[in-house]
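A.B. asks: Below are the structure tokens for one structure; questions will follow.
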Amino acid sequence: MSVLVYAESWGGSFRKSTYEAVSYASETAKLLRTDVIALTFGNESDDELLKLENYGANKVLTTSGIEKGDSKAATDLFSANCSDANMIIFPSTYTSKMIAPRLAAKLKAGMTSNVISTPSSVSPIEIKRKSFSGKAIENTKINTEKAIIILAPNAFGLVECNGSCKIQKIESANNTSVTINSQKVASGKISLAEAEIIVSAGRGLKGPENWEMIEELANLLGAATACSKPVSDIGWRPHSEHVGQTGIVVAPNLYIAVGISGAIQHLAGVNSSKIMVVINTDPEAPFFKSADYGIVGDAFEVIPKLIEEIKRIN
Amino acid sequence: MNIIVCISSVPDTTSKINFTDSGGKFDSDGVQFIINPYDEFGLTKAMMLKEANGGKVTVITAGDITIEPVIRKALAIGADEAIRINMTPQDSYSTAVEITNYLKNSPADLVITGRESIDYNGGAVGGMLAEMLDLPFINACNGLHISGDTAEITREIDGGIENISTNLPFVISGQKGLVQESELRIPNMRGIMQARTKPLQVIEPLDNVQLTISSGFEKPANKQDCKLVSSDNVADLVSLLRDEAKVI
Ligand SMILES: Cc1cc2nc3c(=O)[nH]c(=O)nc-3n(C[C@H](O)[C@H](O)[C@H](O)COP(=O)(O)OP(=O)(O)OC[C@H]3O[C@@H](n4cnc5c(N)ncnc54)[C@H](O)[C@@H]3O)c2cc1C
């Protein structure tokens, strides 16, 4: 018996979502009274790999030579190393969403995504997940010997511990069917799925030239920037910033919405945020019904004041 | 080129989500159904590929007879034919198995699904299909160029994009970027008329397997009232976020 967790890295480094998945695996392993085994294939250094012991990994299996974009090779790697696992846990990342379903089909294992808490019962595994774009919480039972789950973004905190883990190098068969030509990762930017604070703006900002203050506020807060759908459709901001039911679903600790009306499709993608703040000239904007704090006012006056105040207290 | 587009019929994005049988089942009463928005990007891309390279676009969906209006809409947008697998999908696996059963007998050059459905948000059918058919799979696909037997594909990765090449046949799960929002097609009168007579074949499921069970829904707790701060006292908002909410 064991709990296997995918410890994904970027350029050889783990991110918060990785530690979150390992923490989750560790809490789940306690329920199952078993060990946590982390699996990696991202050329991490031993020092980096050992960081996983701080979140409860008992063993790390590691290999290289597999690209994250090669879902078939990655699936084969998991399948060759999971004979003992009752649960296989994936963080909320694009690569996970590519591997986990393949693995589920290969192993004929029940799989569920968007998971928000540790199992409420373990035989069979019963677990809560977000459904209907956050408008509902669904209880799912997994009826197979192995259960595969993908976590929801930012749904489970980090749980640190004083553990120790062994590193074991494993083999990987390299039967690739795709070629990775290039990869562009915006450097220094905080990814939306992981951000603890998001500053998001909508059509109320009137034009792309006005995003400077949004970026300044985001920088001061260590936040990621996002936008509403029409803003990305008109090309004021890149599609990768579009949040909502048909964009990215986010769940930061703090979501600040500036000049966004709060349409149902927008709210569906952000309503799992712990705290929401709205800044809008229209007191009737639907966002006020969902937000925790609000200012009825003009973004062009309020945001500069907010920037000033945050600079003052920092 | 023979393209299969997997479509899902989902509640309109403005729908209120309610449940019957004390949380057991989604209440479809009064709900409008639409083509899953992610699938619509895929369908439009399929139409463009067909227009450029020739071939056929077939939409396939697992569902009972009530979803036929959504299938007719896909035909009105321009798909050539449709397959309905006569079942109530129980989980991603049951859906993927039955679509695979069909594709094993009628192989496609390209299989397109949406990144996820906006109702159950499983996001798994595409990857499962690829494994069952032993094909390459690229998800969160936001760009696709095919020339001859090879394809250049971009996919979203966390914080960036990746460019991948592979050979036909393969499976993608698509999203915006595959085509732009402005390229989506609204059915015209002629399309709607033609859709009525296009072939819609109904086939029965063969395996009826299910690996997960949905055992009830609840709604998230309601938010408390919004605390309003005057725009003259922006500093108060900062204190509330720091001292009360403890998020900055
Ligand atoms: C199928 C479908 C899917 C969709 N999916 C999404 C999705 O995923 N994400 C999404 O965001 N939308 C989505 N939408 C669109 C959604 O319905 C709304 O149209 C959109 O969210 C509105 O964006 P907005 O709030 O930026 O613009 P608007 O609705 O135009 O709102 C602008 C707001 O700014 C305020 N404002 C104006 N000037 C100022 C100022 N100076 N200072 C402060 N406030 C100001 C206004 O009072 C207004 O409330 C979808 C729609 C459909 C039909």
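A.B. asks: Using label points projected 7 Å from each Cα along Cα→Cβ, tell me how many nm separate residue B:207 and residue B:66, to one decimal.
C.D. replies: Taking the two extended label points, one gets 2.6 nm.
A.B. asks: Determine the order of A:281, B:13 by accessible area, beginning with the largest, at a probe radius of 1.4 Å.
C.D. replies: A:281, B:13
A.B. asks: Starting from the Cα of residue A:166, step 7 Å toward the Cβ, then list every residue of the stretch A:11-41 with an amide N under 14 Å from that point.
C.D. replies: Backbone N within reach: A:35-38.
A.B. asks: Here is a further query. How would B:47, B:1, B:189 rank on accessible area, largest to smallest, probe 1.4 Å?
C.D. replies: B:189, B:1, B:47
A.B. asks: Right, something else. Rounded to the nearest 5, what % of DSSP beta bridges with both residues in the protein assembly as shown are antiparallel? Kindly include the intermediate steps, with their values, before the conclusion.
C.D. replies: Numbers: 43 of 116 bridges.
Within the protein assembly as shown, antiparallel bridges account for around 35 percent of the total.
A.B. asks: Right, something else. Provide, for q = 0.14, 0.24 Å⁻¹, the log10 of I(q)/I(0) from a solvent-free Debye sum over equal Cα point scatterers in the stretch B:37-153.
C.D. replies: -0.58, -1.93
A.B. asks: Would you kindly calculate the translational diffusion coefficient of the stretch B:109-199, applying Stokes-Einstein with the Kirkwood radius from alpha carbon pairs, for 4 °C and a viscosity of 1.567 mPa s, and quote it in µm² s⁻¹ without decimals?
C.D. replies: 88
A.B. asks: Beyond 21 Å, how much of the Cα-Cα pair distribution for the stretch A:197-313 remains, as a whole percent?
C.D. replies: 28
A.B. asks: Name the long-range amide H neighbours of residue A:125: under 5 Å, sequence gap of 5 or more, or other chain; modelled H, no Pro or chain starts.
C.D. replies: A:142
A.B. asks: Can I ask one more? Taking the Cα centre of the protein assembly as shown as the origin and placing charges on Cβ (Lys, Arg +1; Asp, Glu -1), which of A:112, B:194, A:244 is farthest toward the positive end of the dipole?
C.D. replies: B:194
A.B. asks: Could I ask something else about it? Write down the accessible area per residue of the protein assembly as shown in Å², having rolled a 1.4 Å probe over the full set of protein chains.
C.D. replies: Working: 22470 Å² over 562 residues.
Counting only protein heavy atoms, the per-residue value for the protein assembly as shown is 40 Å².
A.B. asks: Moving to a separate point now. So, with a 1.4 angstrom probe, what is the percent of accessible area on the stretch A:197-313 that is carbon and sulfur?
C.D. replies: 51
A.B. asks: Measure off, as a whole percent, the carbon and sulfur share of the 1.4 Å-probe accessible area of the stretch B:86-186, all protein chains present.
C.D. replies: C and S atoms contribute 46 percent here.
A.B. asks: With every protein chain left in place, what is the accessible area of residue A:194 in Å² (1.4 Å probe, nearest 10)?
C.D. replies: 40
A.B. asks: Need one number: buried accessible surface between chains A and B, 1.4 Å probe, both sides summed, DNA, RNA and ligands left out, in Å² to 100.
C.D. replies: Looking at A and B, the buried total is near 7000 Å².
A.B. asks: Also, quick follow-up: Please pull out the direction-averaged projected area of the protein assembly as shown, using the convex hull of its alpha-carbon atoms, in nm² to one decimal place.
C.D. replies: Its average projected convex-hull area is 25.2 nm².
A.B. asks: Next question, about the same structure. Write down the radius of gyration of chain A and its Dmax, each obtained from C-alpha positions, in Å.
C.D. replies: Values for chain A (Cα only, Rg and Dmax): 20.9, 61 Å.
A.B. asks: Quick check: at a probe of 1.4 Å, how many percent of the accessible area of the stretch A:2-169 sits on carbon and sulfur atoms?
C.D. replies: Whole-percent figure for carbon plus sulfur exposure: 44.
A.B. asks: With every protein chain kept in the model, how would you rank A:82, B:226 by accessible area, 1.4 Å probe, largest at the top?
C.D. replies: B:226, A:82
A.B. asks: Could I ask something else about it? Ordered by residue, what ³J(HN,Hα) values in Hz, to whole numbers, does the stretch A:264-280 give under the Karplus form 6.51 cos²θ - 1.76 cosθ + 1.60, where θ = phi - 60° and Gly and Pro are x?
C.D. replies: With coefficients 6.51, -1.76 and 1.60, one gets 4, 6, 6, 4, 4, x, 10, 6, 8, 4, 5, 10, 10, 10, 10, 10, 8 Hz.
A.B. asks: Give the share of C-alpha pairs in each 10 angstrom bin for chain B, from 0 to the last occupied bin, in whole percents, shortest bins first.
C.D. replies: Bin by bin from 0 Å, the calculated values are 7, 28, 30, 18, 9, 6, 1.
A.B. asks: A follow-up question, please. Using the Karplus curve 6.51 cos²θ - 1.76 cosθ + 1.60 with θ = phi - 60°, what ³J(HN,Hα) values do you get for each residue of the stretch B:136-153, in whole Hz, with x for Gly and Pro?
C.D. replies: Each residue's phi maps through the Karplus curve to give x, 9, 10, 9, 6, 7, 10, x, 8, 10, 10, 9, x, 8, 10, 9, 10, 10 Hz.
A.B. asks: Taking N as the number of residues in the stretch A:177-230, what is its Cα Rg relative to 2.2 N^0.38 Å?
C.D. replies: For the stretch A:177-230, the normalised Cα radius of gyration comes out at 1.43.
A.B. asks: Taking amide hydrogens as modeled 1.01 Å from N in the peptide plane, which residues meet the under 5 Å criterion relative to residue A:276, leaving out close sequence neighbours?
C.D. replies: A:255, A:292, A:293
A.B. asks: Still on this structure, please answer the following. So, in nm, how far is label residue A:298 from label residue B:227 when the simple model puts each one 7 Å beyond its Cα toward the Cβ?
C.D. replies: 2.7
The values are calculated or read from the model by the stated rules, or taken from the named source; none is laboratory data. Here the structure is a predicted model, which means the values were calculated and not measured. With ideal geometry, Cβ positions are generated from the backbone for all residues, glycine too; neighbour counts draw on all protein chains shown. The accessibility values were calculated without ligands, DNA or RNA, using every heavy atom of the protein model including side chains. Shrake-Rupley method; radii C 1.70, N 1.55, O 1.52, S 1.80 Å.
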